[in-house]
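The values are calculated or read from the model by the stated rules, or taken from the named source; none is laboratory data. Computed from a predicted structure; not experimentally measured. Here the Cβ positions follow ideal geometry from the backbone for every residue, glycine too, while neighbour counts run over all protein chains shown.
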Amino acid sequence: MYHFTEKYINPFTDYGFKKIFGEEPNKELLLDFLNELLKDEQGEIKELNYIKNEQLGVTGAERRAIFDLYCENERGEKFIVELQKTKQDYFKDRTVYYSTFPIREQAERGKWNFELRAVYAIAILDFVFEEDKDKPEKYRYDIKLTDIDTCKVFYDKLTFVYLEMPKFNKTIDELETRFDKWLYILRNLTQIQEIPEALQEEIFEKLFAIAEIARFTPEQVQFYEDSLKEYRDLQNSIDTAHRKGKLEGKAEGKAEGLEEVVRKGIEQGLSDELLVTLTGLTIEQIQKVRSVIEEI
């Protein structure tokens, strides 16, 4: 059993993220977060419905996608919400690929005029993109299809939002907006012991109540302990893999290290989906390692 020094769960663990944003009784937390994130263009989202997060290709041979959270609002617009704790070389490619699933599923049988509803891919990152390190003050990136010459949005129904959380360094006294408060909580939840006056709003009080470890049932504590251990153990392995690749000066060192991470994860009984999140590898790469292990 862990002895928790933190009062609240780590939202960057798989269990912590799903506990706060992915449970039906707590849906108003995700609703409020998305409303604050997208209010400049969305107005108010009144309702959210969770959708099955595993998306299959048209045929069995095609690749599939497994989103952390997938939901739609009352207008039928789709929202993919991803948490990414570890750096992934092609994470931007991954989010673009993921966005094709909610686009394609809108195709109607028979006559159809190709009208689409908006799709949003939102990524909460616990790392900084290599190419963004020289912009320490910019932690939010809003991406749309834009004309290069006029810099005007050419198509407004496909939006990518990336939040580089390590760059968000505002103190409690510097918080200006409700969205600032959301980012502060996500960034500092495990460091909070007493709820600051600035965060004593109804929606945040509900979040703190949900995230308080002392309120968990023994079963929930066990789930969280397992999730926390998985992330800590594999994060150490991933850091070692990256260091190995750097020291050897070649990609092979990193690849071999990540393969070892996958082997350890499989031995611990981790799901392929969790290993995708932890390592940044594709599910096909992980299943390939799993098939090799099973043959031994």
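Quick rundown of the values:
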| read-out | value |
| --- | --- |
| Residues of the range 187-212 classified as surrounded by 16 or more Cβ atoms within 10 Å (Cβ to Cβ), part of a helix (DSSP H, G or I) and aliphatic (A, V, I, L, M), total | 6 |
| Per-region count, the range 74-122, residues touching a helix residue (DSSP H, G or I) at 6+ places or on another chain (Cβ under 6 Å) and not polar (S, T, N, Q) | 5 |
| Options Tyr155, Tyr162: the member that is in a strand (DSSP E or B) and farther than 19 Å from Val81 by Cα | Tyr155 |
| Index of the failed condition, Thr279 passing every other in (1) among the polar types (S, T, N, Q); (2) surrounded by 15 or more Cβ atoms within 10 Å (Cβ to Cβ); (3) at pLDDT 90 or above | (3) |
| Qualifying positions in the range 91-116 - in a loop (DSSP other than H, G, I, E, B), without any contact (Cβ under 8 Å) to a residue 40 or more places away in the chain and exposed (fewer than 13 other Cβ atoms within 10 Å of the Cβ) | Ala107, Glu108, Arg109, Gly110, Lys111, Trp112, Asn113, Phe114, Glu115 |
| Every pair of residues 6+ apart whose Cβ atoms lie under 8 Å, when the first sits in the range 25-37 and is free of Cβ contacts under 8 Å to residues at least 12 places away in the same chain while the second is crowded, with 18+ Cβ neighbours inside 10 Å | Asn35/Ile45 |
| Any hit, the range 149-167, residues being surrounded by fewer than 10 Cβ atoms within 10 Å (Cβ to Cβ) and under 22 Å from the mean Cα position of the chain (by Cα) | no |
| Test: Asp126 is closer than 20 Å to Phe12 by Cα and at pLDDT below 95 | yes |
